[in-house]
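Below is one structure, written out as structure tokens; comments come after it.
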Amino acid sequence: MGAYAHDPQTGLVQLDDQLVALLDERVAEEGTNCSELLRRFVRAALAQGVESRIDEAIREGYRRIPAEEPSELVNALAGASIEAEPW
């Protein structure tokens with residue numbers, strides 16, 4: 001293996017001084033370490049991307065096949081249900 005070989009599950013990321021300072025501050029606040037915090041950030045960013053694609057697919061479905069307007073009965077039942085709530 002070469003001098004730069006590393007575990008395939010380990011990545012090198014270059015951060016500027018400002019990001020390092022912000023990361024260090026967050027690490028101290030949360031009592032964790034940089035690696036764990038970065039893993040959480042990456043997971044959250046990837047999950048947000050998946051959720052955005054799902055949201056767009058749902059919107060596209062409604063553009064292709066618009067929802068029908070609810071009937072008067074559905075509206076009346078929904079209103080009664082909301083009024084029955086204790087909040």
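Just so you know, all these numbers are worked out from the coordinates, no wet-lab data involved. Bear in mind that the values here come from a model prediction, so they are computed numbers and not experimental data. Using ideal geometry, Cβ is built from the backbone for each residue, glycine included, and neighbour counts are taken over all protein chains shown.
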TODO: Note down the magnitude of the dipole of the chain about its Cα centre, charges +1 on Lys and Arg C-beta and -1 on Asp and Glu C-beta and zero elsewhere, to the nearest 20 debye.
DONE: 420 debye
Task: Listed residues Ser52, Asn75, Gln14: farthest to the positive end of the dipole of the chain (Cβ charges) - done: Gln14
Open item on the list: I want to verify the translational diffusion coefficient of the chain in µm²/s; compute it with Stokes-Einstein, Rh as the Kirkwood radius over Cα pairs, at 4 °C and 1.567 mPa s.
Closed with: 70 µm²/s
Open item on the list: Only helices at least 30 Å long along their own axis, judged from Cα atoms, and with Kyte-Doolittle mean hydropathy of -1.0 or greater: name those in the chain from DSSP H.
Closed with: 34-64
